[in-house]
1. Put one equal scatterer on each alpha carbon of the stretch 101-197, apply the Debye formula with no solvent term, and list log10 I(q)/I(0) at q = 0.12, 0.17 1/Å to two decimals.
2. So what is the 222 nm mean residue ellipticity for the chain from helices alone, if each DSSP H run of at least 4 adds -39500 (n - 2.57) and you divide by all residues, rounding to the nearest 500 deg cm²/dmol?
3. Would you list which lysines come within 21 Å of K44, measuring only between C-alpha atoms, while excluding same-chain residues fewer than 8 positions from it?
4. Against the longest alpha carbon principal axis of the chain, how many degrees, from 0 to 90 and to the nearest 10, is the axis of helix 179-194 turned?
5. Can you tell me the length gained on complete extension of the stretch S169 to L51, counting 0.36 nm per residue apart and subtracting the Cα distance?
6. By how many degrees, 0 to 90 and rounded to 10, does the Cα axis of helix 147-156 deviate from the longest principal axis of the chain?
7. Over the Cα atoms of the stretch 60-140, what is the Rg over Rh ratio if Rh follows Kirkwood?
8. As a test of understanding, state the convex hull volume per residue of the stretch 1-150 from its alpha carbons, in Å³.
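Just so it is clear, none of the values below were taken in a lab; they were calculated from the coordinates. These numbers come from a predicted model, not from an experiment. Virtual Cβ from ideal backbone geometry, glycine too; neighbours counted across all protein chains shown.
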Amino acid sequence: LAGSGGEESEGGGRLPPIEPAFDAWLAGQAAASPADSKDTEEFKYMTFTELPPFTDRHMSLMRKHLTPEVWGRLKERRTAGGYSLSNLIQAGVVRPYLGVGLTCGDEECFTLFRDLIDPVVRSWHEFDPATQAQRSDLDASKVRLSAEQAAKLKAHVVWTRVRGARNVSGFPLPAGTGRAERLAVEAVLKEAFGSLG
């Protein structure tokens, strides 16, 4: 969304006012932002020309860790998929109440913008991407239940769901996708779910 201060944005959405001086700065940044290849009718990306003048209402970890030095190092970087620092921080700039305040657009963000992302991850998850490895094994054939566990499961679980909120390898994350990528992810997921029988 490219508006603030309750103004109508290019995408038709509204953002709540933050503070008059900040709202004026944000409206100027939105008006001067060039079109982004990831823009949709509902959402417009902004290009920030300077470190945002955060207010006391901006509470995110992004705001805490986006120092002038980090801004200077990262401001011109762009992933191969076209995701920029401005894209990464926009959520936390326009919504000061967010806890994290950044949204990655693709896998490359995690390396290209690590000077900002790693401190945020350490603060939010108490996990250090530089020194710890996240392990996951989604191979269902390795799940083993004893007869007692299986009986408890059958007696107490009527249904369950799995929520997938992350990326399919090789595709951008939701914030960095266009219609074509979303349809391609849908096709991959349909094939995967169809194989579950």
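1. Scattering profile of the stretch 101-197, log10 relative to I(0): -0.64, -1.01.
2. Mean residue ellipticity, 222 nm, calculated: -11500 deg cm²/dmol.
3. K75
4. 10
5. 39.3 nm
6. Taking the Cα atoms of the chain, the angle to 147-156 is about 60 degrees.
7. Dividing the radius of gyration by the Kirkwood radius yields 1.00.
8. Per residue, the Cα convex hull of the stretch 1-150 comes to 175 Å³.
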